[in-house]
Structures are given as structure tokens and as C-alpha cells.
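S.K.: Sharing a structure, written as C-alpha cells. Questions coming.
The values are calculated or read from the model by the stated rules, or taken from the named source; none is laboratory data. From a predicted model like this one, the values you see are computed outputs, not experimental measurements. For the accessible areas, the whole protein counts, side chains as well, though only heavy atoms, and no ligand, DNA or RNA atoms are used. Shrake-Rupley method; radii C 1.70, N 1.55, O 1.52, S 1.80 Å.
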Amino acid sequence: MGAWELLLVGVVMLLGLCGVLVPGVPGPWLVWAAVLWWALQDPNGLAWMLLVGASVVLLAAQAVRWQLPPRRLRESGATRRTAVFAGAGALLGFCLLPVIGAIPGFIGGIYTGERLRLGGHGEAVTATRTAMRMGGSSVLTELFACLLIVGAWIGAVIWG
């Protein structure tokens, strides 16, 4: 697979990661489709193992999401800016502390967005708790699964 094709697969994965944060966009399916595209273009054992692993991770994330409250972030008062901060925090946390850093990064991003919007620490903590209870945990589950898949794909491309 050439460099341009790998770049396009990476762009589709990035769109999928952004799609997790936007309601109505099938972000996890875009990430899975990008892995499928890569596996079909570069058919080796590692590519197929990653495709199977991505399928299992996304199915497990969906099973966990069904147990969590539905997405109602708008009702909690969270804005699009808060979602951008949460996504950026999760991505930054994932890069700084691989895999598990996405969780504190996501929550820290929500807190930062709410702190900028509301001004005070107490109000931001309350708003962060409300956002996480109103559906932030389901968004975090999907985002974490997609980040895990993208990280595995990057590792497979670099070392595979």
C-alpha cells in the first residue's frame, strides 16, 4: 500500500474519531471501514488480525454503550466547544499516556471547556459531573474504542 493510500486511510480514521463527537455521524463505523479498506488493500496476517480485533473492540464498546445512559449531552448544557475540548483532551491524553490517558484527558477536556464557559471551579466540576452522567460516558466508551483501534493501526503500519 502506498503512502497516499495510507494517508487516505488515516484521514478516514481521523474523520471517524471526529464523528464520535458529533451526533448522527457514524464515527466507529468510519474507523472500522478504514481498517477494512487497509486490510483489503494490504492482505497479510497482521492486517486481518487487526480487522478482527477492531470488530471485537467495536462490538464490545457497543455492548457497554447499551448498558449506559443514552446520549443527552445537549440537555446537560454542554456545548460544541465542550465536545471539541473533550475530544482534544482525549487525543492528547492518549498520546501522552498511551491507551489509558484518553479517559482522564476526556474528562479534563470537559472540565476545561466548562471552566472557560462558566468561569469558576465549582461550577465547572458540577457541569463536568452532569455531562458525564447525561451521556458523556457513552461518548467516552466509543471514543476510547476508536482511539484504541487507531493506535493499533498506527503501530501495525509503523512496525508491521
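S.K.: Cα gyration tensor of the stretch 14-73, axes a ≥ b ≥ c as square roots of the eigenvalues: rounded (a/c below 1.5), prolate (a/b > b/c) or oblate?
M.R.: Because a/c hits 1.5 or more and a/b fails to exceed b/c, the stretch 14-73 counts as oblate.
S.K.: Right, next: Can you give me the % of accessible surface on the chain that is carbon or sulfur? Probe 1.4 Å, all protein chains present, nothing else counted. Intermediate results must be reported in sequence, preceding the final value.
M.R.: On the way: 6280 of 8660 Å².
About 73 percent, which is the carbon plus sulfur part of the accessible surface.
S.K.: Over the stretch 1-42, with a single point scatterer placed on each C-alpha, what log10 of the ratio I(q)/I(0) does the Debye formula yield at q = 0.13, 0.19, 0.26, 0.28 1/Å?
M.R.: -0.25, -0.50, -0.78, -0.86
S.K.: With viscosity set to 0.890 mPa s and temperature to 25 °C, compute the Stokes-Einstein D of the chain, Rh being the Kirkwood radius across alpha carbon pairs; µm²/s, no decimals.
M.R.: Values: Rh = 16.1 Å.
Value of D from the Cα-based Kirkwood radius: 152 µm²/s.
S.K.: When ligands, DNA and RNA are left out and all protein chains stay put, how many square angstrom of accessible area per residue does the stretch 1-74 have with a 1.4 Å probe?
M.R.: Normalised by residue count, the accessible surface of the stretch 1-74 is 59 Å².
S.K.: Rounded to the nearest Å, what's the spacing between the alpha carbon centres of the stretch 1-71 and the stretch 85-112? Just the number, please.
M.R.: 19 Å
S.K.: Provide, in order from the shortest bin, the percent of all Cα-Cα pairs of the stretch 49-142 in each 5 Å bin, continuing until the bin that contains the maximum pair distance.
M.R.: 3, 15, 21, 22, 20, 11, 5, 2, 1, 0
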